[in-house]
1. Specify which of the listed residues (VAL77, VAL66) is under 15 Å from the mean Cα position of the chain (by Cα), outside any helix (DSSP H, G or I) and not acidic (Asp, Glu).
2. Give the residue that is farthest from ARG232 (Cα to Cα), with candidates limited to residues of segment 317-352 that are in a helix (DSSP H, G or I) and of a type in the set (S, T, N, Q).
3. How about segment 248-269: which of its residues are under 24 Å from MET38 (Cα atoms), in contact with a helix residue (DSSP H, G or I) (Cβ under 6 Å, 6 or more places away or on another chain) and aliphatic (A, V, I, L, M)?
4. Being in contact (Cβ under 8 Å) with a residue 40 or more places away in the chain and either assigned to a helix (DSSP H, G or I) or not assigned by TED's automatic domain parsing to the domain that holds LYS283 (or both) is the filter; apply it to segment 357-366 and report the residue that is farthest from the chain's Cα centre (by Cα).
5. When you scan segment 214-246, how many residues do you find that are under 18 Å from GLN358 (Cβ atoms), outside any loop (DSSP other than H, G, I, E, B) and either among the aliphatic types (A, V, I, L, M) or not assigned by TED's automatic domain parsing to the domain that holds LEU355 (or both)?
6. What's the total number of residues in segment 140-173 that are in a loop (DSSP other than H, G, I, E, B) and on the phi > 0 side of the Ramachandran plot?
7. Within segment 266-279, does at least one residue satisfy the condition of being touching a Leu at 6+ places or on another chain (Cβ under 8 Å), of a type in the set (Ser, Thr, Tyr) and at negative phi?
8. Could you list, in sequence order, all residues of segment 372-412 that are without any contact (Cβ under 8 Å) to a residue 40 or more places away in the chain and either in contact with a helix residue (DSSP H, G or I) (Cβ under 8 Å, 6 or more places away or on another chain) or assigned to a loop (DSSP other than H, G, I, E, B) (or both)?
Amino acid sequence: MSASRPHLNSNRRAVMAFTLMAGLLILVGFAQSWSVAMVIFNLGLISAVMALGINIQWGYAGLFNVGTMGFAALGGVAAVLVSKPPVPEAWAAGGADLGIALLIAGGTLAAVIIAYRRIPKGPMRTIALVVIFVAGYTVFRPFFDPAVAAIEAVNPASTGYLGGLGLPIILSWVVGGLFAAGAAWVVGKIALGLRADYLAIATLGIAEIIIAIIKNEDWLTRGVKNVAGLPRPVPYEVDLQQNLTFIRVVEWLHSDTLAALATDARMARLDSFIVESSSIFVKLCYAGLFSVVLLIILTLSVRALNSPWGRMMRAIRDNEVAASAMGKNVTKRHLQVFVLGSAVVGIAGAMLTTLDGQLTPGTYNPLRFTFLIWVMVIVGGSGNNVGAVLGGFLIWFLWVEAEPVGVWLITNGTAWMDAASPIRAHLMESAPHMRIFTMGVILLLVIRFHPHGILPEVVKREDDK
């Protein structure tokens, strides 16, 4: 009975927290615009998915992954490679040589792995690995360099890369998860089993390497020139604004307002309603897709956490030595959960690029894609999947609204000062930094008063049933 009460209190707290979050979004809709509220909601959905990925790693197994940015970027790359149409001229110019170069690289990697496994540890293995690598690199460069130069020279203003497969972009969400999972497997095989700080360094390093490749390898994703115009899984606003059925629905929804206006004013107001409604409808479509993905991942995460596998992962997290003594392969289980969490982050990264409609490597920075996601998990409740979702919505909402609210507060708070006052000018210039200040304050308050987050982890024991 005593154990069921905390669980009941946790459910009540979750309902209250999400109700408050919905109220804040509704408030933005009335105070600013419903379009802004929907933008925050959609990005909150994506942030919640990312937070779930990190919670799987940290909350389930205590793995400290600071490479969120890199795994999210791999999802963005997947969106480009899956959805953009191929560039025939680029393939004709250097596709064959590039394919040969990649085969050589793959063969070299396979030879290195075979040599590492079959040659006993010692000087001979080191020499063999160096010889294989140098030989492969020597053969690789004559094919790779001319191919890249030829591809990037094909109409660099608009293409200069190979393009993609021309498939529906929604498929890239799965591919993005696979890309991130593959990278996580490589990092995990190298770093897992070592101390936690080595894993942090490895994930940070791989994230920076991924971003560097995306920014510099123009033949792959156009580098810093960005890839714009990604196809959508939802309708375009322009098409909706020309759709007679959509126009009639909008006119019917606002019939009372339009009926009181003269003909010219009525047409102008109707056009305004159509433009606004088309934007909101598109965002609602995105919200529907993202909500389905979030619900699927959340359901699977909750079921996994409550399964014997989840109980085993928590046992490993709480005491690795005891779990190892009980016959559990700690390194193998860590690799499983690390790959799963990274795959979820990769899915979220592909969803974000889909929403943006373009891949901009310059926007992938640790502040947004690593620090902010970790704040979401810590504030929401580490080890609690619902808490991670709440943290995703709440922290993203505060991140977006901190700047305009800060500007409003400073503007009204310094209204009594002279317009030329240097103090007022300094405060106004500092308003954009309210975001970082707000995140710091929230993190400190939560750690001080709710160290386990707003919705702490609830562990069900056998005697609670």
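The values are calculated or read from the model by the stated rules, or taken from the named source; none is laboratory data. Computed from a predicted model, the values in this text were never measured in an experiment. Cβ atoms come from the backbone with ideal geometry, glycine included; neighbour counts cover every protein chain shown.
1. Selected residue: VAL66, the only one of VAL77, VAL66 that is under 15 Å from the mean Cα position of the chain (by Cα), outside any helix (DSSP H, G or I) and not acidic (Asp, Glu).
2. Filtering first and then ranking leaves SER324.
3. Correct list: VAL250 only.
4. Checked segment 357-366; the qualifying residue farthest from the chain's Cα centre (by Cα) is GLY362.
5. 6
6. So the count comes out to 3.
7. Looking for residues that are touching a Leu at 6+ places or on another chain (Cβ under 8 Å), of a type in the set (Ser, Thr, Tyr) and at negative phi, one finds at least one in segment 266-279, hence yes.
8. Across segment 372-412, the qualifying residues are ALA402, GLU403, VAL405, GLY406, VAL407, ILE410, THR411.
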